[in-house]
Each structure stands twice: as C-alpha cells, then as structure tokens.
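This structure is in structure tokens; I'll ask about it shortly.
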Amino acid sequence: MKFKFWIFAIIILVSLSVLRSSHAASSYVLPYPSEMPGSRLYELSQVIENLSQFWNFGSFGKFGYHLKLSDKYIVEGKTLFEYKQYLLAYESIQKSNQYFVKTYPNLQNAKTESKDISEKSQVLNEASIKHIEELEKIKLYTPDIFVWTPEKKPPTKLQIHKLLIESIEIRKKNQ
C-alpha cells in the first residue's frame, strides 16, 4: 500500500513541475515567419496581402490589418538579418515601418467616431514595446553600414543602424 502511495505522490509532483506556468518577457507575441522572399509562394502571398486590404474596412479593421503586416515584416526582417540577407531584410524593416505608421491614425479615426479605443491602444503599446525589443536585438548582430554590390548595377549603401534607430523612434512615438 505504501508503495502505491509513493508512486502516486511522485507522479503528482512530476506533473505539477511539468505543468507549472512560465512567464514571457513581453506579453505581445509576434507571428511565426510566413513565406520569405525567394520562396515560390512569396509573390502569391504578396498578392493576397494586397487584396486583403479591401476586406479590412472600418477603423479597427484597418488598425488590425496594418499592425498584422507590421508584425509580419518585423519578423521577416529579423529572420533575413539572421541569415545575412541584408538588402531583403532592410526592405522588410522599411515595409514594417510603413505599416506601423498607419496604425495610429486608424485609432484616432475610431476615437473621432466615438469608439472605445482603450483596448486597441494597449495592444499598440505592447506591440511597440515588442518591436523595439526585437529591433534592439537586431542592432546587436548587424553591421552599421553594409554595401550591397549587385552584379550589373552600382553598389547600394545600406545604413542599417540608422534605419533601426528610425524604426525604434517611430514606435516610441506611439507609446
């Protein structure tokens, strides 16, 4: 009888230690990277992305659409920087900035329409914090300036850290 009790007690202790909750550093979760440049499906995903803007209408719909795409391109840029695909990553961060800038005006439009924007403002604040966190990480392992030299075109100077600093400033404005 004692043997069964101890086995039961051990099972309970192991279960509790495995099932205990863990806390993330940030409550906002970025999406998993989707199709990446170079993939056969990337162009199709770009077409779908452009068409889906027509399905997102109203202030909150547009807010969600722009924030989702800003998240997508931040993750895409981070992944491309990790693989040293600097030109593609640079362009992805620029796209993320373009979409992020469009989020706040949609909240202001909702406010002028007398909608409660407190929840969406909190989401935007958490997204800003998470984006800044990721951009700071990218700064740690990327060169300040990178010269992209294509085969038959003149070289392009990418000021990576300048872009990352501008991206951080854009997000700080919305906190």
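The values are calculated or read from the model by the stated rules, or taken from the named source; none is laboratory data. None of the values given here were measured: they were computed from a predicted structure. No Cβ is skipped: glycine too gets one built from the backbone with ideal geometry, and neighbour counts run over all protein chains shown. Surface accessibility is based on the protein's heavy atoms, side chains included, excluding ligands, DNA and RNA. Shrake-Rupley method; radii C 1.70, N 1.55, O 1.52, S 1.80 Å.
Scan the range 28-46 residue by residue and report those that are assigned to a loop (DSSP other than H, G, I, E, B) and more than 15 Å from residue 75 (Cα to Cα). Full working, then the answer.
Taking the range 28-46 first, the residues assigned to a loop (DSSP other than H, G, I, E, B) are 28-41.
Answer for the range 28-46, where residues must be assigned to a loop (DSSP other than H, G, I, E, B) and more than 15 Å from residue 75 (Cα to Cα): 38, 39, 40, 41.
Looking at the range 132-175, which of its residues are charged (D, E, K, R) and open to solvent by less than 20 Å² (accessible area, probe 1.4 Å)?
134, 171, listed by residue number.
Another one. So, residue 98, is that one modelled with pLDDT of 95 or more, out of contact with any strand residue (DSSP E or B) (no Cβ under 6 Å at 6 or more places or on another chain) and of a type in the set (S, T, N, Q) or not?
Here the answer is yes, as residue 98 does meet what is asked.
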